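*Asks:* Got a structure here, written out as structure tokens. Questions coming.
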Amino acid sequence: FDMQDVAALRLLAEHAALAIHNARLYADATRRAERLRDLVALSHSMTASLDSADVMQRIARAAAGMTPGAMAAVHVFDAAHRTLRARGLSDGEWEGVPTERAADAGLPGLVVEARAPVLIPQPRLHPRMVSREWWARRPAATYYGVPINVGDTFVGVLDYILPEGLPDAEEQEALRLLAAQAGIAIRNASLYQAERVQAERIRTLAGVNQRLSGALELDDLLRTISEFAAQITGLRFV
């Protein structure tokens, strides 16, 4: 090669490097745009849904869909019993992973304690790890857990498991957005359930008024009041 050949090859290499860099930027931008569209579509679908179980399942699948081979789960926190219960699971092999556990058990328990995102680069070696055989089949996997909050109230954990590598800043931000959507879904389901209970009570009281207005016998009147009181409060004996 003479000097002109060398210079031309170097120039071509610089153009190739620039082309590769631009292609990567374009691919990243396209991926971010698709992810944002998915998040917007998910948000719209959730605002129209009152089925919290369906919403949790959608969130788990949306989280897992960010990276090929990733898995995700949405756990709802039961404050009365101090447990975490899986309400949404992405596709993948979950056999060997408990769907209900004590709130302080396993890696999700770290999120419960911290009330903040937790990143574990090597979960199979962590002292709080459970499901040892399950993690042993995934020696390169990483764990990222995000708290689900409704206002200042902690209500659950979003688990994200990558087959290898760590979630980048963009993935972590997307997962925090999904956790916020899960919190909204849990709040909406709670409000809807409260409205249903209130509507049922109103219907019951209307029935009481109709029954009582036609009752003249004291025993029948008192029995009717007792039955409706039990129905409204959910008690067995009144």
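The values are calculated or read from the model by the stated rules, or taken from the named source; none is laboratory data. Here the structure is a predicted model, which is why all the values come from computation and not from measurement. Here the Cβ positions follow ideal geometry from the backbone for every residue, glycine too, while neighbour counts run over all protein chains shown. Heavy atoms of the whole protein, side chains included, go into the accessibility calculation; ligands, DNA and RNA do not. Shrake-Rupley method; radii C 1.70, N 1.55, O 1.52, S 1.80 Å.
*Asks:* If you check ALA169 against the conditions, is it modelled with pLDDT of 80 or more and surrounded by 12 or more Cβ atoms within 10 Å (Cβ to Cβ)?
*Replies:* Numbers: modelled with pLDDT of 80 or more: yes; surrounded by 12 or more Cβ atoms within 10 Å (Cβ to Cβ): no.
Taking the combined requirement at face value, the residue does not satisfy it.
*Asks:* Follow-up. Among what's in the stretch 63-88 and is in contact with a strand residue (DSSP E or B) (Cβ under 8 Å, 6 or more places away or on another chain) and open to solvent by 50 Å² or more (accessible area, probe 1.4 Å), pick the residue that is farthest from ILE148 (Cα to Cα).
*Replies:* For the stretch 63-88, the residue satisfying everything is GLY69.
*Asks:* Would a scan of the stretch 23-43 turn up a residue that is at negative phi, open to solvent by less than 80 Å² (accessible area, probe 1.4 Å) and modelled with pLDDT of 85 or more? Before the answer, list the steps.
*Replies:* Going through the stretch 23-43, the residues at negative phi turn out to be 23-43.
Next cut, open to solvent by less than 80 Å² (accessible area, probe 1.4 Å) only: 23, 27-30, 33, 35, 39-43.
Now narrow it down to the ones that are modelled with pLDDT of 85 or more: 23.
Yes, the stretch 23-43 contains at least one residue that is at negative phi, open to solvent by less than 80 Å² (accessible area, probe 1.4 Å) and modelled with pLDDT of 85 or more.
*Asks:* Mind checking which helices (runs of 4 or more DSSP H) fall wholly inside the stretch 119-238 and carry at least 2 residues that are touching a His at 6+ places or on another chain (Cβ under 6 Å) and more than 22 Å from ARG85 (Cα to Cα)?
*Replies:* none
*Asks:* Just need a number here: residues in the stretch 89-127 that are open to solvent by 40 Å² or more (accessible area, probe 1.4 Å) and small (Gly, Ala, Ser).
*Replies:* 4
*Asks:* Based on what the data block shows, is GLU133 touching a residue at least 24 places away in the same chain (Cβ under 8 Å) and open to solvent by 50 Å² or more (accessible area, probe 1.4 Å)?
*Replies:* Taking the combined requirement at face value, the residue satisfies it.
*Asks:* Separate question: Where residues in the stretch 50-62 are open to solvent by 20 Å² or more (accessible area, probe 1.4 Å) and of a type outside the set (Asp, Glu), which of them is farthest from ALA136 (Cα to Cα)?
*Replies:* LEU50
*Asks:* Only one of (1) buried (at least 21 other Cβ atoms within 10 Å of the Cβ); (2) at pLDDT below 90; (3) not β-branched (Val, Ile, Thr) fails for LEU158. Which number is that?
*Replies:* (2)
*Asks:* Additional query: Tell me, yes or no, whether the stretch 200-222 has at least one residue that is touching a Gly at 6+ places or on another chain (Cβ under 9 Å) and open to solvent by 70 Å² or more (accessible area, probe 1.4 Å).
*Replies:* Checked the stretch 200-222: no residue is touching a Gly at 6+ places or on another chain (Cβ under 9 Å) and open to solvent by 70 Å² or more (accessible area, probe 1.4 Å).
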